[in-house]
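The structure appears below as structure tokens.
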Amino acid sequence: MARKANPQTRDNLMEAAFGLVRQQGLSATSVDEICAAAGVSKGAFFHHFRSKEELAAAAAHHWSEVTEAFFETAPYHDAADPLARVLGYIDFRREMMSGEIAEFTCFVGTMAQEAWATSAPVAAASWDSMRRHGERLVPDIEAAMAARGITGGWSAQGLALHIVAVTQGAFILAKASGDAAPARESLDHLRRYVALLFAAPALPATE
């Protein structure tokens, strides 16, 4: 009988890729390194994935599942005012920008910068992950627009993707400078922009 694939091994391989790709990029990360980090054999790798590209695309979807669960329990959801929740999300992202750069930057954003012209499956999976993340901001943005009578001119979907874009750009600033400070400052500007967009006084940052 053929051995059944262990789903935990598959998850371990994808999660090993999270750290390695954020540290050194997709192209510089080898299958051997992923196997070593996951503590599995190369044979186990190819039992689950036909190639590094297939792993990377699958890992992008797994990244969405892991991060969605993480953000779902974040404290900014507790605010009664939907605009406070949107600003709280930005504050939360800013607070995460500390420590080792590879630890707080985005796995799918890192892959998209490399794979957009070299791997359509990885680029598509990275885009799907970032798009899904933005979509989770849309209900709070829509509620904030409704509460303040904002209609026309711009959309909740567009603002959500702009927030994602600025956050991804902040990660690039951190990588290029070797310093999280420019990334945090970029998020400070984003927060002020969103507050002004809603014609509201800047609400205090969440603790």
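The values are calculated or read from the model by the stated rules, or taken from the named source; none is laboratory data. A quick note: this is a predicted structure, and the numbers were derived from the prediction, not measured. Note that each Cβ is placed from the backbone with ideal geometry, even for glycine, and that neighbours are counted across all protein chains shown. Ligands, DNA and RNA are excluded from the accessible area calculation, which covers all protein heavy atoms including side chains. Shrake-Rupley method; radii C 1.70, N 1.55, O 1.52, S 1.80 Å.
Observations, loosely collected:
- Selection count, region 119-131, where residues are buried (at least 17 other Cβ atoms within 10 Å of the Cβ) and within 16 Å of the chain's Cα centre (by Cα): 6
- For region 8-25, a residue qualifies if it is without any contact (Cβ under 8 Å) to a residue 40 or more places away in the chain and either under 21 Å from Phe171 (Cα atoms) or not in a helix (DSSP H, G or I) (or both), and the qualifying residues are Ala16, Leu20, Gln24.
- For region 135-151, the candidate set comprises residues that are among the charged types (D, E, K, R) and open to solvent by 70 Å² or more (accessible area, probe 1.4 Å); within that set, the residue that is nearest to Phe198 (Cα to Cα) is Arg148.
- Pairing each residue of region 56-74 that is under 15 Å from Leu20 (Cα atoms) with any residue that is open to solvent by 60 Å² or more (accessible area, probe 1.4 Å) and outside any helix (DSSP H, G or I), provided the two are 6+ apart or on different chains, yields no C-beta distance under 8 Å.
- Of the criteria (1) over 27 Å from Ile101 (Cα atoms); (2) open to solvent by 30 Å² or more (accessible area, probe 1.4 Å); (3) hydrophobic (A, V, I, L, M, F, W, C), which one Ala69 fails: (1)
Condition check ((1) out of contact with any strand residue (DSSP E or B) (no Cβ under 7 Å at 6 or more places or on another chain); (2) among the hydroxyl-bearing types (Ser, Thr, Tyr); (3) not in a helix (DSSP H, G or I)) across all residues:
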| residue | (1), (2), (3) |
| --- | --- |
| Ser129 | yes, yes, no |
| Arg132 | yes, no, no |
| Glu142 | yes, no, no |
| Gly153 | yes, no, yes |
| Leu173 | yes, no, no |
| Leu196 | yes, no, no |
| Ala199 | yes, no, yes |
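- Per-region count, region 22-44, residues closer than 11 Å to Thr110 by Cα and modelled with pLDDT of 95 or more: 0
- Considering Ala36, Ala28, Ala80, the condition of being open to solvent by 70 Å² or more (accessible area, probe 1.4 Å) and outside any helix (DSSP H, G or I) is satisfied by Ala80 alone.
- Filter pass, Arg191 being open to solvent by 60 Å² or more (accessible area, probe 1.4 Å), touching a residue at least 40 places away in the same chain (Cβ under 8 Å) and basic (Lys, Arg): no
- Any chance Arg184 is more than 19 Å from Asp91 (Cβ to Cβ), of a type outside the set (S, T, N, Q) and either in contact (Cβ under 8 Å) with a residue 12 or more places away in the chain or assigned to a loop (DSSP other than H, G, I, E, B) (or both): no
- Meets criteria (modelled with pLDDT under 95, over 16 Å from Leu83 (Cβ atoms) and open to solvent by 70 Å² or more (accessible area, probe 1.4 Å)) for Trp116: yes
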